[in-house]
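To keep things clear, I will list the structure first and then write my remarks on it.
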Amino acid sequence: MAWVYLVIAGAMEIVWAIALKLSHGFTRPLPVAVVIVAGLLSLLFLALAARHIPIGTAYAVWTGIGAAGVAMVGVLYFNEPRDFWRLFFIALIVAGVIGLRMVSLTGDGK
């Protein structure tokens, strides 16, 4: 269940970051509310995951999901650059997240 919490935390990380962009410098109330709620939920689920997953692993996966997710949303919905190297390095982040999960299955993490 800890890994489910961590994925939820990462998803909330993506939500608050995108809402932050849509808030236009905290000038739009609805996206600001989403930033606050999603940010708090992200931290809550990270804390729940960190009860059973080493904090270094949990934090790396949390930020990896957030970074790769926000980058992909930027590419898909905000017309951000989608050149080979950008996508390659996003893929490396995803590979790192998957690798940390695989290592935890072999007994290094919980």
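Every number here is computed from the coordinates shown, using simple stated rules; none is lab data. Computed from a predicted model, the values in this text were never measured in an experiment. Every residue, glycine among them, receives a Cβ derived from its backbone with ideal geometry; neighbour counts consider all protein chains shown.
Points to keep in mind about this one:
- Check on ALA9, within 12 Å of the chain's Cα centre (by Cα), part of a helix (DSSP H, G or I) and either surrounded by 18 or more Cβ atoms within 10 Å (Cβ to Cβ) or without any contact (Cβ under 8 Å) to a residue 12 or more places away in the chain (or both): yes
- Residues in segment 1-27 that are among the charged types (D, E, K, R) and either within 21 Å of TYR59 (Cβ to Cβ) or in contact with a helix residue (DSSP H, G or I) (Cβ under 7 Å, 6 or more places away or on another chain) (or both): GLU13 only.
- Residues in segment 53-80 that are outside any helix (DSSP H, G or I) and out of contact with any Gly (no Cβ under 9 Å at 6 or more places or on another chain): PHE78, ASN79.
- Close contacts from segment 12-29, counting a first residue that is on the phi > 0 side of the Ramachandran plot and a second that is surrounded by 13 or more Cβ atoms within 10 Å (Cβ to Cβ), with Cβ to Cβ under 9 Å and a gap of 6+ residues or different chains, come to HIS24/PRO31; PHE26/LEU20; PHE26/VAL32; PHE26/VAL35.
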